Amino acid sequence: MNSARALFALVAAAALGACGTSDTLTAGIDAGGAPVAIVVQGPITGFGSIIINGVHYDIDRAQISVNGVSASAADLALGQLVTVSGTRDTSTQRGQADSVRFNANLEGPVGAIDAAAGRLVVLGTPVTTNATTVIDLGSRPPTVASLAVGERVQVSGFVGADGAIAATRIAARPAASRLRVRGTVANLNRAGALFTINELTVDYRSAAVIEGFPTGAPSDGDEVVVEGTRLNGGNMLVAEVLSLAESEIEDDDGTEAEIEGLITRFVSPADFDVSGSAVTASSATVYEGGSAASLKLNVKIKVEGTVNGAGVIQASKIEVKDGGRVVGSP
C-alpha cells in the first residue's frame, strides 16, 4: 500500500499545483480564513494529509484511533471509511483534523465467494464490491478472485438497510488476527446469551466485557460491536467483548456535518437515516444528481448540513450518487 499511497499523493499534488498557487498546497487552516467546526464521514481517497470527499485534512496534530485503540497515520489506508472531527476553512476549504476514527465493519474469515459477481460473505455478512473498492492483498492481484474461503480479511464500507456492506476497502489480515463484527442485534435469546447479526450467531455467555447498554445487556435492534478470537464448533462467534456501538456523528449543536453513505432508514425526505445517522431535509435543501424523489433505502448519497441539538443533521445539500441506483441491485 505504500506505493499506492505515494501515487495518490503525487497525483493529488499535481492536480492541486495545476489549479492554484503554492499557497493551495499548504496543509491545515489558512490564517486568513474562517474555520468552522465540522464532522466528516467518508472513505479516504488520497493522502497529503488525508483526502475525504475531495477535501484535504491535516492530521499532523490529530488523535488517530483504529477500532477504538490509539494509532498513528501509518495505520490509515486508502478506502478506509473514517470519521474526521475538526475544523474547515470556509475560504480555502481545507481542514484541520482534531481526531480521525477508523472502525472496521468486519474482521474475520471469508465464508463464501462469488468472484464473477464481486461478492463475498464474511462472518455471515454479505459484502459487495465495485470498481472503486480498494482491495489490498499484498503481492496478489487486487481482485475478489484472489481471495480464498477461510482467509481472514478486514472489511470497511457502507452498511445497507439489510446489513450488507458495500465495501470501500478489503484487506488481507493475518491468520491469527482478532475477530470483529459491527451490526444489529436480532433474534435475541437472553436465557441462552445468544443473538444473530445477519447470518452470524454470537454467543456472549463468557464475554469478559459487556458495556454501554442502558439495561446492562443487549436488546433486539441495538447496534453493537463484537470482538473475539474464535468461532466454536457451531460456527458461532464466541464474544470476549460486547459493546453498544457509539454514534460516528457527534451531537454538538451547530457543528457542520458532511456524511457519505447509504440510506439505512427511510420514512420521508424529512425523516431518514444515512449510515445510521438521522437526517432531515426541507424545501430549502438543494439537490444534485437527483431530487427528493430519488431518496429510498440503499441509495448512496452525500449529505451536507448542520447538526441540531437532537443530533439530527439538517441537510442544506444532498448529492444523489450513481444516478439514484439502489446499491446491491443488478
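Every read-out reported here was derived from the displayed coordinates using simple, explicitly stated rules and does not represent laboratory data. Treat the numbers as computed from the prediction; the structure is a model and nothing was measured. Note: ideal-geometry Cβ built from the backbone for every residue, glycine included; neighbour counts use all protein chains shown.
Here are the numbers:
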quantity: FRET efficiency for THR132 and ALA191, using Cβ-Cβ distance with R0 set to 45 Å, rounded to 0.05; calculated: 0.50
quantity: Of every Cα-Cα pair in the range 76-135, the percent that sits beyond 19 Å; calculated: 50
quantity: Estimated FRET transfer efficiency when R0 is 51 angstrom, pair VAL286-VAL209 (beta carbons, to 0.05); calculated: 0.70
quantity: The chain, relative contact order in percent, only Cα pairs under 8 angstrom and at least six apart counted; calculated: 12
quantity: P(r) of the range 202-290 over all Cα-Cα pairs, binned every 5 Å from zero, in whole percent; calculated: 3, 11, 16, 17, 14, 12, 11, 8, 5, 3, 1, 0
quantity: For peptides 224-234, 152-162, sequence by mean Cβ density within 10 Å, most packed first; calculated: 152-162, 224-234
quantity: Radius, Kirkwood style, for the range 247-330 when every pair of distinct Cα atoms is counted (Å); calculated: 12.4
quantity: Cα extents of the range 148-235 along the three principal axes, largest first (Å); calculated: 37, 29, 22
quantity: Neighbourhood net charge (12 Å Cβ-Cβ; Lys/Arg +1, Asp/Glu -1) for ARG190; calculated: 0
quantity: Cut-off 14 Å between beta-carbons: net charge of the residues surrounding LEU123, Lys and Arg +1, Asp and Glu -1; calculated: +1
quantity: Rounded to whole Hz, the Karplus (6.51, -1.76, 1.60) HN-Hα couplings of the range 171-181, x for glycine and proline; calculated: 10, 5, 10, x, 4, 9, 5, 5, 8, 8, 9
quantity: Simple spin-label estimate for ASP253 and ARG140 in nanometres, 7 Å along Cα-Cβ; calculated: 5.2
quantity: Rotationally averaged projected area of the range 22-169 (alpha carbon convex hull; nm²); calculated: 10.0
quantity: In sequence order, calculated HN-Hα J values of the range 306-317 (Karplus, 6.51, -1.76, 1.60; Hz; x Gly/Pro); calculated: 10, 7, 8, x, 8, x, 9, 7, 8, 6, 8, 8
quantity: Residue among LEU237, ILE249, ALA73 farthest towards the positive dipole end of the chain, charges placed on Cβ; calculated: LEU237
quantity: Range of Cα positions in the range 106-172 per principal axis (Å), largest first; calculated: 34, 24, 21
quantity: Dipole moment magnitude, nearest 20 debye, the chain about Cα centre, only Lys, Arg, Asp, Glu C-beta charged; calculated: 1020
quantity: Ordering of 50-59, 173-182 by packing [mean C-beta count within 10 Å, highest first]; calculated: 50-59, 173-182
quantity: FRET E, pair THR90, GLN63, Förster distance 25 Å, beta-carbon r, rounded to 0.05; calculated: 0.55
quantity: Burial order of peptide ranges 257-267, 290-300 (average beta-carbon count within 10 Å, highest first); calculated: 257-267, 290-300
quantity: Positive-end extreme of charge dipole, the chain - chosen from VAL159, ALA148, ILE51 (charges on Cβ); calculated: ALA148
